Amino acid sequence: MGLKYTENIEINDKSSQIYVCKNCKTHLLKSDWIESYDFRGIHGDAFYSNKLINYLINKNIKIKEMMTGYYQVKSINCYQCLLEIGWKYIKANDPSQKYKENKFVIE
């Protein structure tokens, strides 16, 4: 059968790390793409990132109440094994939180 096509990350800088799906080890993001390590997900600590690869995005928009307000979000899954890995902010209701739109939270 084999793996589905996935994009690989090349590291030219030895200080960078590659983060992978905990289930199937598919490349998801590079440490350079993480904007904050201080986010909280449903299950604990999470990364806030401006870029992500090898993911599928759910078509359904959910409205989530979080500590900083209400957001429209879409769930994201690993492209390879379909494990839910976090969400993408689609719309923030609070104008002060608009910077989160189109960014990712990875748990």
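So, R0 is 25 Å and r is the distance between the beta-carbons of Lys91 and Lys25; what FRET efficiency does that work out to, to 0.05?
Details: r = 32 Å, r/R0 = 1.29.
Given R0 = 25 Å and the Cβ-Cβ separation, E is 0.15.
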Residues whose modelled amide H sits under 5 Å from the amide H of Lys103, counting only those 5 or more places away in sequence or on another chain, are Tyr89
Go ahead and collect, in residue order, the members of segment 80-107 whose backbone nitrogen is under 19 Å from a label point 7 Å along the Cα-Cβ direction of Ile63.
88-98, 101-102
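Assigning unit charges at the beta carbon (Lys, Arg +1; Asp, Glu -1) and nothing else, what dipole magnitude in debye, to the nearest 20, does the chain show about its Cα centre? Write down the numbers at each step before the final one.
Numbers: 16 positive and 12 negative charges, 72 e Å.
Dipole of the chain, to the nearest 20 debye: 340 debye.
Report relative contact order for the chain in percent, whole number only (criteria: Cα-Cα under 8 Å, sequence separation at least 6). Don't skip to the answer; put the middle values down first.
Working: 223 pairs, mean separation 23.8, N = 107.
About 22 percent, as a whole number.
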Using amide H atoms built 1.01 Å from N in the peptide plane, name the residues 5+ places from Phe39, or on other chains, whose amide H lies under 5 Å from its own.
Ala46, Tyr48
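So, by mean Cβ neighbours within 10 angstrom, what's the order for 62-70, 18-26 with the highest one leading? Before the final figure, lay out the partial values.
Values: 62-70: 11.3, 18-26: 15.7.
Those peptides, ordered most packed to least, come out 18-26, 62-70.
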Considering the options Ala46, Tyr19, Leu82, tell which one lies farthest towards the positive end of the dipole of the chain, charges being +1 on Lys and Arg and -1 on Asp and Glu at the Cβ, about the Cα centre.
Leu82
If I compute P(r) over Cα pairs in 10 Å bins from 0, in percent from the structure I just sent, which labelled value in (i) 14, 47, 30, 9, 0; (ii) 15, 49, 31, 5; (iii) 14, 44, 34, 7, 0 lines up?
(i)
Okay, which of segment 22-65 sit inside 15 Å, backbone N to the point 7 Å along the Cα-Cβ direction of Glu84?
41-44, 56-65
Sorted by chain and then number, the residues having a modelled amide H within less than 5 Å of the amide H of Lys30, at least 5 places away or on another chain, are Tyr19
Vicinal HN-Hα couplings computed from phi for segment 64-72 (Karplus, 6.51 cos²θ - 1.76 cosθ + 1.60; Hz; Gly/Pro x)
10, 8, 10, 4, 9, x, 9, 9, 8
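FYI, it's all coordinate maths here, none of it is from the lab. Everything quoted here is computed from the prediction, not taken from an experiment. Ideal geometry is used to build each Cβ from the backbone, glycine not excepted, and the neighbour counts take in all protein chains shown.
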